Amino acid sequence: MQIVIDNLSLNYGDNSVFSGLSLDIVDGESLVLLGPSGCGKTSTMRCIAGLEEPSTGSITIGDRTVFSATDGINISPHRRNVGMVFQSYAVWPHKTVFENVAYSLRRQRVGGGQIRERVGRVLELVGLAEMADRGASLLSGGQMQRVALARSLVMQPSVLLLDEPLSNLDARLRERLRLELRELQLSLGLTSVYVTHDQVEAFALADRIALMQDGKILQLASPEEIYAHPATTSLASFLGVGNIFGCTVDRGGAHVADSDLIVELPASAKALSGATSVCMRPEDLTVAPLADGLHGSNTWAGHILVSSFQGASIRYRVALDAGPTLDAVAARRSGPTLRTGERVTVTCPVEAAQVLLDDGGPAPTATDLVTTGVAA
Ligand SMILES: Nc1ncnc2c1ncn2[C@@H]1O[C@H](COP(=O)(O)OP(=O)(O)OP(=O)(O)O)[C@@H](O)[C@H]1O
Ligand SMILES: [Mg+2]
């Protein structure tokens, strides 16, 4: 079910959460709203669900207008056919798993046979069929989370809204449930909007990510595109992209501020006027013993400050003689582990050096965002 949010404004008293927010969510897509705390993610979801009344704009779900400020339309939440799973999952502890999931169906006076069938089917789907008769207070956090999910799914929503549904879980369980959720979303073809401030989660779950800051969507693109081409410096650092340095750019390359480091850039980057940062991703850098020689573009001498074993890879922090400190990630099998203090070279392929625009730059238009990711 397609969702179209057009020119939405929401205020809490004098506090404007967003104004003129627009967002198209494609039928069957998993859209992730990603952004720092307080940027308006939950508020956006609550508007879609019908729990807040915006002051301007409209929301359509499928071909039905569920909210329109100008036409005075505001369909109540339970008539929007939207399922919601929130961070604080309210599971009734004194009811069984089955009864938790059956609750809304009973309220709708659905027949007993149908309830058994529908609840049975979703419990199967979320992997809780064996626990149907267990008291909900005897469940683990992850199982409770799945009860909450099952409770939404049993209503056969056309749209599923998930607001940080995994944030209370430990890292491993989160990873597993995240994959399960993605599988479920794909197999049911559900349009879903997923809110998180965890970029790893966003990358894993999204067809597209809407990056939100201060009530505005600054970039809307696939995870690959967002990771490869964050629109601005602050989005890049929010995404956890490493090795970002302030710089000035000219035909010679990026001159890193307060240092002697000059980074040679691909031709396309040199043309990007207004660029104020250069970024070199840790996974694109190669670290080698200095004894192997110092040659080629973007190869700099330095010494290892920290060498940290991470299982499949090794993370190095290298202090360059030219000033800056670079992080680099090397595959474990790519060579001998280099030791702290060892003299090394770091190489950044020219095409891997990227320049980023300052946030103060010209605001990207919606079409720029969708098609390119990098705002010109
Ligand atoms: N009921 C409310 N009354 C007044 N202000 C509110 C209310 N709910 C949210 N806000 C404010 O609106 C802004 C957006 O809040 P929202 O809950 O949408 O943020 P969020 O992106 O979901 O953040 P988080 O990641 O912390 O959950 C914040 O500045 C918040 O303080
Ligand atoms: Mg929130």
Flagged in region 1-43 as among the charged types (D, E, K, R) and either more than 13 Å from ligand 2 (Cβ to nearest atom) or over 25 Å from residue 238 (Cα atoms) (or both), in numbering order, are 6, 14, 24, 27, 29
Residues in region 315-350 that are within 12 Å of residue 283 (Cα to Cα), modelled with pLDDT of 90 or more and among the small types (Gly, Ala, Ser) total 1
Note on region 275-289: residues buried (at least 17 other Cβ atoms within 10 Å of the Cβ) and either basic (Lys, Arg) or modelled with pLDDT of 90 or more (or both) are 277, 278, 279, 280, 281, 282, 284, 285, 287, 288
All-but-one check, residue 84 against (1) within 30 Å of residue 133 (Cβ to Cβ); (2) surrounded by 17 or more Cβ atoms within 10 Å (Cβ to Cβ); (3) hydrophobic (A, V, I, L, M, F, W, C); (4) more than 16 Å from ligand 2 (Cβ to nearest atom), failing number (4)
Expected single match for under 13 Å from residue 152 (Cα atoms), at pLDDT below 95, away from ligand 2 (no atom under 16 Å from the Cβ) and of a type outside the set (S, T, N, Q) among 126, 110 is 126
So, first residue at positive phi in region 163-179, second residue within 16 Å of ligand 1 (Cβ to nearest atom), Cβ within less than 6 Å, six or more apart or across chains; the pairs are 164/87; 164/195; 164/196
Filtering region 172-227 down to residues that are within 16 Å of ligand 1 (Cβ to nearest atom), over 24 Å from residue 1 (Cβ atoms) and out of contact with any Leu (no Cβ under 6 Å at 6 or more places or on another chain) yields 197, 198, 200, 213, 214, 215, 216
Given the conditions (1) away from ligand 2 (no atom under 16 Å from the Cβ); (2) without any contact (Cβ under 8 Å) to a residue 40 or more places away in the chain; (3) buried (at least 17 other Cβ atoms within 10 Å of the Cβ); (4) not aromatic (Phe, Trp, Tyr), every one holds for residue 46 apart from (1)
message: So for region 97-110 (the condition being of a type in the set (Gly, Ala, Ser), surrounded by 19 or more Cβ atoms within 10 Å (Cβ to Cβ) and away from ligand 1 (no atom under 16 Å from the Cβ)), does at least one residue qualify?
response: yes
How many residues of region 149-180 are in a loop (DSSP other than H, G, I, E, B) and buried (at least 22 other Cβ atoms within 10 Å of the Cβ)? The answer is 3
Heads up, the strands (runs of 3 or more DSSP E) in region 202-289 (entirely inside) with at least 3 residues that are within 22 Å of the chain's Cα centre (by Cα) and either of a type in the set (A, V, I, L, M) or in the same structural domain as residue 174 (by TED's automatic domain parsing) (or both) are 208-213, 216-221
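The values are calculated or read from the model by the stated rules, or taken from the named source; none is laboratory data. This is a predicted model, so every value here is computed, not measured. Every residue, glycine among them, receives a Cβ derived from its backbone with ideal geometry; neighbour counts consider all protein chains shown.
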